[in-house]
Amino acid sequence: MSPTPQPSPTPAAVPAAVPAPAPASAAGTARTNGEVAFWYAAHGLPARRPALDGDIEADVALVGGGYTALWTAYYLKRADPSLRIAVLEKEFAGFGASGRNGGWLTAALPGQFRRYAATHGPDAAAAMQRAMFATVDEVIDAARTEGIDADIRKDGELHVAVGAVQERRMLAHLPALREEGWGEDDMVRLGAGELADRVRVAGARGALWTPHCARIHPAALVRGLAAAVERLGVTVYEDTEVTAVRPGAAVCRQGTVRARHVIRALEGFTAGLDGHRRTWVPMNSSMIVTAPLEQAVWDEIGWRGAEVVGDEAHAYCYLQRTADDRIAIGGRGVPYRFGSRVDARGETHASTQRQLTDLLGRLFPAAAGAPVDHAWSGVLGVPRDWCATVGLDPATGLGWAGGYVGHGVATTNLAGRTLCDLVLGRDTELTRLPWVGRRVRGWEPEPLRWLGIRGLYAAYRAADRREDGGLGRTSRIARAADLLSGR
């Protein structure tokens with residue numbers, strides 16, 4: 001991977017010294033655990049940009065330093081170079097989900113079509129799906145324009161049915177996808193042989209493939225995007241914690257940023273902001289990545305392209321073949337921590353690492369026993385109705401975007417463009433999409449929140465075990481969990 005362009009006028013992510021490889025750990029666990037994410041391993045964690053030092057004034061204050069804030073700053077500054085924009089980040093740009101995700105630039109909706117259609121009609125929901133299709137290419141084009149090398153390769157996304165039950169569930173869902181705007185070229189059914197021509201997954205009965213997805217290197221994208229907004233004149237403050245957001249001001253430990261527009265873009269860290277404990281729960285997701293695999297292993301797996309791969313299990317997994325020939329695989333692990341707590345630096349429990357290692361071996365027996373180089377975790381934001389939102393209150397100047405339910409890599413770009421139009425007072429196709437201004441009730445208080453979410457994923461895992469054990473149909477446990485959770 002070639003280095004991303006360096007910004008001006010502020011120093012960009014300066015690679016730290018790369019540590020020597022750690023000795024191998026116990027079977028099924030990684031050499032490196034945490035340290036934010038594997039995506040920073042090659043170049044080290046970035047050097048910190050200067051923190052806020054006292055009170056300042058701006059036109060727009062963006063709370064959070066991930067994709068959402070950076071894309072919003074990018075489009076605002078291109079639309080109106082005179083705007084004074086401040087990005088406020090507690091750690092460093094890309095510390096959260098933007099630097100830890102699975103690298104799927106997918107057009108999947110950040111929520112449920114039926115819920116968006118229920119409030120705005122099916123045509124509006126279909127318009128949002130079309131906007132997501134276009135957003136994948138928008139991100140690719142923007143990265144190319146800004147010279148961001150993020151290992152982007154658009155080979156599509158495979159939803160693999162492992163076993164007969166997953167196949168029946170996948171095929172039963174296909175007519176609904178067609179009604180939601182996924183045409184025959186947007187979502188293609190593959191038989192077992194056609195799937196094997198792309199990748200050989202043990203027990204696979206077939207798959208659905210969409211071209212509307214690309215494999216990316218998450219940290220390279222966020223690092224390059226931060227550099228791009230700085231070149232445009234945006235100031236990114238790091239080591240700057242926002243403690244409160246109110247009309248006209250983002251209050252930080254180091255000072256107050258007074259701004260006409262204050263945008264909350266904290267995703268899974270939203271619960272840590274005063275008054276937002278129950279707005280979105282921080283759902284945990286964990287990943288491992290293997291050492292580079294030998295060519296003989298790849299020949300047996302047959303995964304020659306850069307398609308990202310997921311299964312149709314209830315407690316689903318997601319994988320990518322990295323640009324340096326590793327397999328990265330992720331899943332829920334410990335889905336939620338009591339009181340909406342989040343981890344500090346991505347440490348992942350040994351049992352979760354072993355679960356993912358075992359799953360990798362089941363899907364790709366040729367990769368069973370491959371050394372695991374890195375394990376990490378991060379949080380994503382989930383609203384109570386499992387649908388993302390974006391909005392701006394013109395009376396107060398307070399805005400927000402997030403709750404991407406795990407589909408944020410592309411959706412953050414759509415959010416950034418939408419927030420740009422909202423801040424500038426434009427009435428556009430984007431500002432009329434059904435997620436704009438959407439408000440839902442908060443999550444239940446503790447301990448109901450913890451009991452419900454932990455119980456939900458325990459039910460999904462139990463359902464998967466029953467189906468894998470020969471149940472022959474989708475488990476009623478999973479159906480009940482869907483009804484109780486509101487998914």
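Summing -39500 (n - 2.57) over the DSSP H runs of n ≥ 4 in the chain and dividing by its residue number, what mean residue ellipticity at 222 nm do you reach, to the nearest 500 deg cm²/dmol? About -10000 deg cm²/dmol. Taking the accessible area of segment 29-175, probe 1.4 Å, and keeping the other protein chains in place, the carbon and sulfur fraction comes to 50%.
The Cα trace of segment 247-296 gives Rg and Dmax of 18.9, 60 Å, the first to one decimal, the second as a whole number. Per residue, the accessible area of segment 408-448 comes to 43 Å² when a 1.4 Å probe rolls over the protein heavy atoms.
In debye, nearest 20: dipole of segment 119-277 around its Cα centre with unit charges on the Cβ of K, R (+) and D, E (-)?
The dipole magnitude comes to about 440 debye.
Considering only beta bridges that DSSP places wholly inside the chain, some 65 percent are antiparallel. Projecting the Cα atoms of G121, W39, W298 onto the charge dipole of the chain (Cβ charges, centred on the Cα centre) puts G121 farthest toward the positive pole. Entry comment: accessible area of segment 111-173 is 42 Å² per residue, from protein heavy atoms only and a probe of 1.4 Å. The solvent-accessible area of H276, taken with every protein chain present and a 1.4 Å probe, is close to 40 Å². Dipole size of the chain about its Cα centre, with +1 on Lys/Arg Cβ and -1 on Asp/Glu Cβ: approximately 1340 debye, rounded to the nearest 20. Counting Lys +1, Arg +1, Asp -1, Glu -1, what net charge surrounds G472 among other residues with beta carbon under 13 Å of its beta carbon? Charge balance in the 13 Å sphere: +2.
Computed in the context of the full set of protein chains, the accessible area of segment 359-487 at 1.4 Å probe radius has 56% of its extent on carbon or sulfur.
Efficiency by 1/(1 + (r/R0)^6): what FRET value for A202 and S351, r their Cβ-Cβ distance, R0 = 25 Å, to the nearest 0.05? That pair, A202 with S351, gives E of 0.65. Residues with beta-carbon under 13 Å from that of T279, excluding T279: net charge, scoring Lys, Arg +1 and Asp, Glu -1? Spelling it out: positives minus negatives among the neighbours equals +4.
Across the accessible surface of segment 187-286, with the other protein chains kept in place and a 1.4 Å probe, carbon and sulfur atoms take up 46 percent. Computed on segment 344-487, with alpha-carbon pairs under 8 angstrom and 6+ residues apart, the relative contact order is 18 percent.
Per residue, segment 239-397 exposes 35 Å² of accessible surface when a 1.4 Å probe is rolled over the protein heavy atoms with every protein chain present. Stokes-Einstein, applied to the Kirkwood radius of segment 96-201 over Cα pairs at a viscosity of 1.567 mPa s and 4 °C, places its translational diffusion at 81 µm² s⁻¹.
The values are calculated or read from the model by the stated rules, or taken from the named source; none is laboratory data. In this text, all values refer to a predicted model and were calculated from it rather than measured experimentally. FYI the Cβ positions are ideal-geometry reconstructions off the backbone, even for glycines, and counts take in every protein chain you see. For accessibility, only protein heavy atoms count, side chains too; no ligands or nucleic acids. Shrake-Rupley method; radii C 1.70, N 1.55, O 1.52, S 1.80 Å.
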